[in-house]
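**Student:** Got a structure here, written out as structure tokens. Questions coming.
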Amino acid sequence: MIAFAVVLMMVVVLLVTLAHLQILSFGYYNTKSNNNRIEIIPIPPNRGVIYDRNGTPLAINNTIYQLKIIPDKISNLEEQLNELRGLVDLTDEDIEIFQKERRSYKAHRPVPLKDNLTEKEIAKFVVNQHRFPFVNISGNQHRYYPYSSALTHVLGYVSKINNQDKARLEEENKLSDYVGTLNIGKIGVERFYEDLLHGTPGYEEVEVNNRGTIVRQLNHNPPQAGEDIYLTIDLNLQLYIQKLLDGRKAAVVAIDPNNGEVLALVSSPSYDPNLFVGGISSKKYNALLEDKDKPLFNRAMLGSYPPASTVKPFIAVSALSEGVITPKTIVTDPGYWLLPGTEKRFRDWLRWGHGKVDVVKSLEESVDTYYYQVAYDMGIDRLSAWMNKFGYGERTGIDISPNEESRGIMPSRAWKMQRYKQPWVPGDTIPVGIGQGYWTATPLQLAKATTIMANNGKVYTPHLLKNKRSEMLEDGTFPALTKNAVTTNSDLTVLINQAYWALAKEGMYKVMFGSRGTARKIYAGSPYKAAGKSGTAQVYGLKADEIYNANDIPEHLRDHALFIAFAPYDKPKIALAIVLEHGGGGSSNGGAIAKHILDYYLLGDESTQVPEPIVNTRHED
Amino acid sequence: MVSGKKDSLLMRLHIDPLFLFFILLLLGYSVYIMWSASGQNLPMTERKVGQVILGIFVMIVFAQFSPRFYEKWAPYLYIACIIVLVIVDVFGYTSKGAQRWLNLGFIRFQPSEIAKIAVPLMVAKFINREGCPPPLKTTVQTLAIIAVPTLLVAMQPDLGTAILIAMSGIFIIFLAGISWKFIAASVVAIGAFIPVMWFFLMHDYQRERVLTLFNPERDPLGKGYHILQSKTAIGSGGLWGKGWLAGTQSQLEFIPERHTDFIFSVIAEEFGFIGAIILLILFLCLISRGLIIASQAQTTFGRILAGGLTLVLFIYVFINIGMVSGILPVVGVPLPLISYGGSSLVVLMASFGIIMSIHTHRNMLSKNI
């Protein structure tokens, strides 16, 4: 009886234990049991494709094949790796990276061993697959830029997500959208429209056994691919301009003045963004960094150049609006301008002067003296404020990260005090009148200002996004009315009298077609009307009576050639800004490039026979 | 008393119908859960059925001999067992670092299983000869009889079986009616022995197991992994269980040794608390019947032997369930009748045969002596 009592007592102990486990702690253990068996495998979404305005793909996704290995299932790992060497091109570096990577992987999960397998390697491996039960090949999406360097400064590129990206995603609460995603947009459109292009990851809920082998699928939630986007860029125009520039250090921006769509944005020379997708080797990266032509530098948006005479039409309409000049104002140009109360002379580019000059002639012949006088009369405060209205000294607001766009400098009293801790002096104002002095602008700013001129004051924000795939109609076209044309608050149509625009544009027309226009030789016989303005930015200041001769000075000190233009004159379809670094005369060299671009865009003329750069006297600006 | 044809057949076969009934229910339960615990492995389940059939045959055979026969042959069996154990320790076949097997060429044979029967038989005979309750001197001598095979098995090393062998002998001493004073003294002695065992007799892996018992989380991926997974299986079974063949811990092989030592975890996961209670009730019925048989035995030898064998069975159950549910160290004790494994089932069925023999031969004792 005692024995039986002891037995019963012990049975009660067991029952209490079981009740504790199965009834009281059921929730806890049930969760543990589910955690054991259910694994969530993220499925990264396909990145949206980027097209140009005509539907040509500019950034696509290729499948690359990766060799993966489950190291902790293989007892003779060394041996297997050596055997694999015979099948695929495995370097010591690959193995080193793999050994480092595997620590961050969960047990029994495949670790990448070799990226980018060739077809031959795949075939060789597949035949021998039976020898490697824990090695497999998996496909991965890989960004590819088919036009290589042509659009790098617009598209940017995607590259491996780094800790900095992770920290930012974490902050924006988006990190979970990136599980399983390898790359992220680093610069350009790829970065700016990251959220649109990335998509939403899906996941697969699978049941695994204790060895981590997937037993069955419980749930499949497909990823949602990123949005395909259509850029405003015209690939053909972009390629044509790139060909035209032929690797010279230059930037060209073309905008449709009717809506602010950026048709081409070229920074030359450029580089192949595909190098960055899989992670660039430090050797290749250093080569790009140390290239003296600075291909990594986006000249179109970050390059700040003195805008030079290209600003004259804008100063003209501002001065007319302020009443500083009238259409009838005449300035007599003896070849120089004397700062009142001083002996300080400001020279005109034409040593013997232009004689009596009104506003139209001041533009046609690019009379410096006229603008010295205007600048003096307006004063830096008004000048600066007006030029801000045309976008100088401010970012254009293009749909690319502000980090990748320079503001340029529109000098003002406050700016100088902050920058140099010195007060503004009247002598500082005078060169501002001809777009020199402290004034710098980016080619994109020049192009934006040109569209404003072409539009008689309507201000559009330059932009690159034309449409999203989701907006596409059933017939494959997009609604005529595009929502993406963004106008800004500063509408200059009201602020500036239409007659003043007409005067400035007449001056710009005469630059091309006037009897003394600075670019008349190039535009003679053109079947369409156009308007333009050249500029030659001094890199090297001449001494008081030194005569500029480009052949005498090293190339890196030669003037920058600038040119802005729009055409057709009556109903503009394209506005352009061109900067050729150390390109010599703006009217001759810049004007010639502009002519080719306009011919190509308006007439479909593809002749790229650009005249040899003219290197001559500091002339015709 | 004897009524019906079937009863008379069972009586002629020296079978106790009630005892058989509970054994068959448990074996049925065992085959049913084996199909699930083996991961629907048909050959394994078939072998289990084979083991059951062999076991029943062995039980019937053992029931035929009279208790007198067992009493007479006990010393020879005991000595044979000691010899074989020594041979094993010297020449035994090593499996997983333990010398437990003797390879006889056609069969791998585990002598420690024989000790499970030989020791209680020997102890029962020895104490019975000296008279009950045993004097102190007899008790000490009996302890020596128990200690020899126990230590030999412990050296293999097979701590679980060694404990069970020791238990099987000690229960008999206990049932022989020794004084409470002596029991108290033994508890103190065992208490003193534990540190000695810990530092001198136990292997590292055994110490590790004991430490793991008290804190499985201290090595959740190593030594503690099994017990955590087993507890998870039992706990996640809840009241009603996840259903037959539907235990994720079991079917996805998170439970270690799911068809042998840890089979109870499978039962508790798939059939829940209810299923575990049903199993415990079946065991309780079997043990009750065993104890009733013991109490009705005509001789002291029969009484203490039947009682001892029954209590050892219960200790098996208790240690196994205690071990898989995390209140006892993992010592490698199968769940009697349920776990997969031929030798232990056959030996167990043999001991049931002996118990039945004690019951069914009780009226013939006078004739046969």
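The values are calculated or read from the model by the stated rules, or taken from the named source; none is laboratory data. A quick note: this is a predicted structure, and the numbers were derived from the prediction, not measured. Don't worry about glycine lacking a Cβ; one is built from the backbone with ideal geometry, like all the others, and counts go over all protein chains shown.
**Student:** Could you tell me whether the range B:285-298 includes any residue that is in contact with a Leu (Cβ under 6 Å, 6 or more places away or on another chain), within 17 Å of B:Leu20 (Cα to Cα) and hydroxyl-bearing (Ser, Thr, Tyr)? Steps first, please.
**Tutor:** First, the residues of the range B:285-298 that are in contact with a Leu (Cβ under 6 Å, 6 or more places away or on another chain): B:289, B:298.
With the extra rule that they be within 17 Å of B:Leu20 (Cα to Cα), the set shrinks to B:289.
Going one step further and asking which of them are hydroxyl-bearing (Ser, Thr, Tyr), we end up with none.
There is no residue in the range B:285-298 that is in contact with a Leu (Cβ under 6 Å, 6 or more places away or on another chain), within 17 Å of B:Leu20 (Cα to Cα) and hydroxyl-bearing (Ser, Thr, Tyr).
**Student:** If the requirement is being in contact with a Leu (Cβ under 6 Å, 6 or more places away or on another chain) and either farther than 27 Å from A:Asp348 by Cβ or without any contact (Cβ under 8 Å) to a residue 60 or more places away in the chain (or both), which of these qualifies: A:Leu444, A:Leu464?
**Tutor:** Working: A:Leu444 fails: in contact with a Leu (Cβ under 6 Å, 6 or more places away or on another chain).
A:Leu464 is the lone residue from the list that is in contact with a Leu (Cβ under 6 Å, 6 or more places away or on another chain) and either farther than 27 Å from A:Asp348 by Cβ or without any contact (Cβ under 8 Å) to a residue 60 or more places away in the chain (or both).
**Student:** When you look at A:Thr200, is it out of contact with any helix residue (DSSP H, G or I) (no Cβ under 6 Å at 6 or more places or on another chain), hydroxyl-bearing (Ser, Thr, Tyr) and more than 14 Å from A:Ile50 (Cβ to Cβ), yes or no?
**Tutor:** In short, yes.
**Student:** Now, a different point. Just the residues that are more than 7 Å from every other protein chain (Cβ to nearest Cβ) and not aliphatic (A, V, I, L, M), please, taken from the range B:312-321.
**Tutor:** Looking only at the range B:312-321, we keep the residues that are more than 7 Å from every other protein chain (Cβ to nearest Cβ), and these are B:312-313, B:315-317, B:319-320.
B:Tyr316, B:Asn320 - these are the residues of the range B:312-321 that are more than 7 Å from every other protein chain (Cβ to nearest Cβ) and not aliphatic (A, V, I, L, M).
**Student:** Now for a separate question. Take the range B:292-303 and flag every residue that is assigned to a helix (DSSP H, G or I) and away from chain A (no Cβ under 12 Å).
**Tutor:** To start, the set of residues in the range B:292-303 that are assigned to a helix (DSSP H, G or I) comprises B:292-296, B:300-303.
The answer is B:Ile293, B:Gln296, B:Thr300, B:Phe301, B:Gly302.
Rundown of residues vs (1) touching a Phe, Trp or Tyr at 6+ places or on another chain (Cβ under 9 Å); (2) in a helix (DSSP H, G or I); (3) touching a residue at least 12 places away in the same chain (Cβ under 8 Å); (4) under 21 Å from B:Val58 (Cβ atoms), yes/no style:
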| site | (1), (2), (3), (4) |
| --- | --- |
| B:Gly290 | yes, yes, yes, yes |
| B:Leu305 | yes, yes, yes, yes |
| B:Leu309 | yes, yes, yes, yes |
| B:Leu313 | yes, yes, yes, yes |
| B:Phe318 | no, yes, no, no |
| B:Ile321 | yes, yes, yes, no |
| B:Val333 | yes, no, yes, yes |
| B:Pro336 | yes, no, yes, yes |
| B:Ser339 | yes, no, yes, yes |
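**Student:** Continuing with this model, one more query. Only one of these conditions is not met by A:Ala150: (1) closer than 30 Å to A:Leu235 by Cα; (2) touching a strand residue (DSSP E or B) at 6+ places or on another chain (Cβ under 7 Å). Which number is it?
**Tutor:** (2) is the only condition that A:Ala150 fails.
**Student:** Something else: Considering every residue within the range A:70-87, establish whether at least one is surrounded by fewer than 14 Cβ atoms within 10 Å (Cβ to Cβ) and touching a residue at least 12 places away in the same chain (Cβ under 8 Å).
**Tutor:** No, the conditions are met nowhere in the range A:70-87.
**Student:** Still on this model: Among residues belonging to the range B:1-28 that are within 29 Å of B:Leu279 (Cα to Cα) and of a type in the set (D, E, K, R), point out the one that is modelled with the highest pLDDT.
**Tutor:** Going through the qualifying residues, I end up with B:Asp16.
**Student:** Next question, about the same structure. Only one residue in B:Val88, B:Val58 is buried (at least 21 other Cβ atoms within 10 Å of the Cβ) and closer than 28 Å to B:Thr150 by Cα. Which one?
**Tutor:** Selected residue: B:Val88, the only one of B:Val88, B:Val58 that is buried (at least 21 other Cβ atoms within 10 Å of the Cβ) and closer than 28 Å to B:Thr150 by Cα.
**Student:** Which one of these is buried (at least 20 other Cβ atoms within 10 Å of the Cβ), free of Cβ contacts under 8 Å to residues at least 60 places away in the same chain and within 26 Å of B:Glu71 (Cβ to Cβ): B:Ala154, B:Ala162, B:Ala176, B:Ala144? Explain how you work it out, then say what you get.
**Tutor:** Numbers: B:Ala154 fails: within 26 Å of B:Glu71 (Cβ to Cβ); B:Ala176 fails: free of Cβ contacts under 8 Å to residues at least 60 places away in the same chain; B:Ala144 fails: buried (at least 20 other Cβ atoms within 10 Å of the Cβ).
Sole residue among the options that is buried (at least 20 other Cβ atoms within 10 Å of the Cβ), free of Cβ contacts under 8 Å to residues at least 60 places away in the same chain and within 26 Å of B:Glu71 (Cβ to Cβ): B:Ala162.
**Student:** State all residues of the range A:405-425 that are of a type in the set (Ser, Thr, Tyr) and farther than 20 Å from A:Pro307 by Cα; if no residue qualifies, say none.
**Tutor:** Passing the criteria: only A:Tyr420.
Every residue, every condition in (1) out of contact with any strand residue (DSSP E or B) (no Cβ under 8 Å at 6 or more places or on another chain); (2) part of a loop (DSSP other than H, G, I, E, B), yes or no:
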position: A:Phe276; (1), (2): no, no
position: A:Gly279; (1), (2): no, yes
position: A:Lys283; (1), (2): yes, no
position: A:Leu288; (1), (2): yes, no
position: A:Lys294; (1), (2): yes, yes
position: A:Phe297; (1), (2): no, yes
position: A:Ala300; (1), (2): no, no
position: A:Val311; (1), (2): no, no
position: A:Phe314; (1), (2): yes, no
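**Student:** What residue, of A:Leu90, A:Leu67, is more than 14 Å from every other protein chain (Cβ to nearest Cβ), farther than 30 Å from A:Glu207 by Cβ and either buried (at least 17 other Cβ atoms within 10 Å of the Cβ) or out of contact with any helix residue (DSSP H, G or I) (no Cβ under 9 Å at 6 or more places or on another chain) (or both)?
**Tutor:** Being more than 14 Å from every other protein chain (Cβ to nearest Cβ), farther than 30 Å from A:Glu207 by Cβ and either buried (at least 17 other Cβ atoms within 10 Å of the Cβ) or out of contact with any helix residue (DSSP H, G or I) (no Cβ under 9 Å at 6 or more places or on another chain) (or both) holds for just one of A:Leu90, A:Leu67, which is A:Leu90.
**Student:** What is the residue count in the range A:1-51 for residues that are farther than 30 Å from A:Thr213 by Cα and either out of contact with any strand residue (DSSP E or B) (no Cβ under 9 Å at 6 or more places or on another chain) or at the interface with chain B (Cβ under 10 Å from one of its Cβ atoms) (or both)?
**Tutor:** 22
**Student:** Residue check: is A:Asp293 within 24 Å of the chain's Cα centre (by Cα) and farther than 26 Å from A:Gly457 by Cα?
**Tutor:** yes
**Student:** Scanning the range A:176-203 for residues that are under 13 Å from the mean Cα position of the chain (by Cα) and not in a strand (DSSP E or B), which turns out nearest to A:Leu231 (Cα to Cα)?
**Tutor:** A:Val189
**Student:** Could you list, in sequence order, the residues of the range B:174-189 that are assigned to a helix (DSSP H, G or I) and small (Gly, Ala, Ser)?
**Tutor:** B:Ala184, B:Ala185, B:Ser186, B:Ala189
**Student:** Follow-up question, since we're still on this one. Which of (1) crowded, with 20+ Cβ neighbours inside 10 Å; (2) assigned to a helix (DSSP H, G or I); (3) away from chain A (no Cβ under 12 Å) is the odd one out, the single condition B:Val346 does not satisfy?
**Tutor:** Answer for B:Val346: the failing condition is (1).
**Student:** Give the number of residues within the range A:378-434 that are within 25 Å of A:Ala577 (Cα to Cα), part of a loop (DSSP other than H, G, I, E, B) and of a type in the set (Phe, Trp, Tyr).
**Tutor:** The number of residues fulfilling the criteria is 2.
**Student:** Let me ask something additional. Whether any residue in the range B:274-285 is small (Gly, Ala, Ser), facing another protein chain (nearest Cβ under 8 Å) and assigned to a helix (DSSP H, G or I) is what I want to check.
**Tutor:** yes
**Student:** What number goes with the only condition from (1) within 10 Å of chain A (Cβ to nearest Cβ); (2) crowded, with 21+ Cβ neighbours inside 10 Å; (3) among the polar types (S, T, N, Q) that B:Ser339 does not pass?
**Tutor:** The one condition B:Ser339 does not meet is (1).
**Student:** Quick one: A:Ile400 ticks every box in (1) in contact (Cβ under 8 Å) with a residue 60 or more places away in the chain; (2) touching a Gly at 6+ places or on another chain (Cβ under 7 Å); (3) at positive phi except a single one, so which number is it?
**Tutor:** Of (1) in contact (Cβ under 8 Å) with a residue 60 or more places away in the chain; (2) touching a Gly at 6+ places or on another chain (Cβ under 7 Å); (3) at positive phi, only one is false for A:Ile400: (3).
**Student:** Could you list, in sequence order, the residues of the range A:133-156 that are aromatic (Phe, Trp, Tyr), modelled with pLDDT of 85 or more and surrounded by fewer than 24 Cβ atoms within 10 Å (Cβ to Cβ)? Even if it seems obvious, please write down each step before you answer.
**Tutor:** Keep residues of the range A:133-156 that are aromatic (Phe, Trp, Tyr), which gives A:134, A:144-145, A:147.
From what's left, modelled with pLDDT of 85 or more: A:144-145, A:147.
Hits for the range A:133-156 are A:Tyr144, A:Tyr147.
**Student:** OK, next. Name the single residue, out of those in the range B:231-273 being closer than 18 Å to B:Leu335 by Cβ and charged (D, E, K, R), that is farthest from the other protein chains (Cβ to nearest Cβ).
**Tutor:** Selected residue: B:Asp261.
**Student:** Of the conditions (1) away from chain B (no Cβ under 14 Å); (2) surrounded by 18 or more Cβ atoms within 10 Å (Cβ to Cβ); (3) not acidic (Asp, Glu), A:Gln164 clears all except one; give me its number.
**Tutor:** The number of the failed condition is (2).
**Student:** OK, next. Please go through the range A:316-328 and give me each residue that is in a helix (DSSP H, G or I) and of a type in the set (A, V, I, L, M), ordered by number.
**Tutor:** Selection gives A:Ala316, A:Val317, A:Ala319, A:Leu320.
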